[in-house]
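Trainee: Dropping a structure here in structure tokens format, bear with me for questions.
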């Protein structure tokens, strides 16, 4: 699907068909071409209309810095991460942008709330978007706000998890460890996302292609820096929480071992006595003793009660 955003001095128009765009004669008024899961034919048509070349999906997902940001003459090629956190396993989806002749071209293969939000802003406040650079800065600004919301939501989840560990702990060890691991994974994805935006904005600040909206870029960089610091704080909190949880597990295990140790100490002397008097040797003086059975039972009871008394007196129970 291809959306063509056309802006003239009098009106704003969204054209959802490339043939209609060609027939309207408004190709020169295009400020943004947004392609969602485009077919090869659609990509080829846009390339021919605007004399441009788009990277393949595999090329856009390369992690080398030179593949994430490329600048030449009047063209900027940018591959940026967009966090997908509504799935069970969050991940960073790569979106490709090309800025050429003040027109923004975007290629993506997932529905993203950022683009829906931008479309609303574009329709309600068209005067704020004079060219593709303004649109691209707004996309980054919306995405940074979304990352801030994701960090805030994650921070609340960490607080809930901490409260659960300290107050509602009910031996659901695997579940708690899975939640801690999932929170660390999401926090790592958010940090990767922010670092990627930071690198892009830093490069744009030094770019010779466009010098507009420099103040906005500086503000966004400050926001990203503060958000990265918050992700570091979340990492520290998760590490601390994991250490506390492992410590609590050790305490619980020590309690169980302590119980088994006490039981062993209590039953070991009676077992020894029963074993001795259970032997079948011919010479056993107590064998024909009239009160031998009662004596053995008494010794076993005494040997069981004595350790309990000693442990209780020393505060070990």
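No lab work stands behind these numbers, since they all come straight from the coordinates. Remember, it's a predicted structure, so these values are computed and weren't measured experimentally. Here Cβ is always computed from backbone atoms with ideal geometry, including for glycine, and neighbour counts include all displayed protein chains.
Trainee: Please find, in a Gaussian network model of the chain (springs between Cα atoms separated by less than 10 Å), the residue of 302, 161, 238 whose mean-square fluctuation is greatest.
Mentor: The residue that fluctuates most here is 302.
Trainee: At a 10 angstrom cut-off on C-beta neighbours, averaged per residue, how do the peptides 31-37, 132-138 rank from highest to lowest?
Mentor: On the way: 31-37: 19.6, 132-138: 22.1.
Those peptides, ordered most packed to least, come out 132-138, 31-37.
Trainee: Using Cα centres only, tell me the gap between the range 239-317 and the range 173-205 in whole Å.
Mentor: 53 Å
Trainee: Next up: Only bridges whose two residues both fall in the chain count here: according to DSSP, what percent of them are antiparallel, nearest 5?
Mentor: That works out to approximately 85 percent antiparallel.
Trainee: Using r as the Cβ-Cβ distance of residue 251 and residue 301, and R0 as 35 Å, what FRET efficiency do you calculate, to the nearest 0.05?
Mentor: 0.60
Trainee: Still on this model: Pull out a ≥ b ≥ c, the square roots of the eigenvalues of the alpha-carbon gyration tensor of the range 93-180, then state rounded if a/c is under 1.5, prolate if not and a/b is larger than b/c, and oblate in the remaining case.
Mentor: prolate
Trainee: Can you give the calculated 222 nm mean residue ellipticity of the chain, where each DSSP H run of n ≥ 4 adds -39,500 (n - 2.57) and the sum is split over every residue, rounded to the nearest 500 deg cm²/dmol?
Mentor: The helix-only estimate for the chain comes to -21000 deg cm²/dmol at 222 nm.
Trainee: What whole-number volume per residue, in cubic angstrom, does the convex hull of the C-alpha atoms of the range 235-299 give?
Mentor: Dividing the Cα hull volume of the range 235-299 by its residue count gives 75 Å³.
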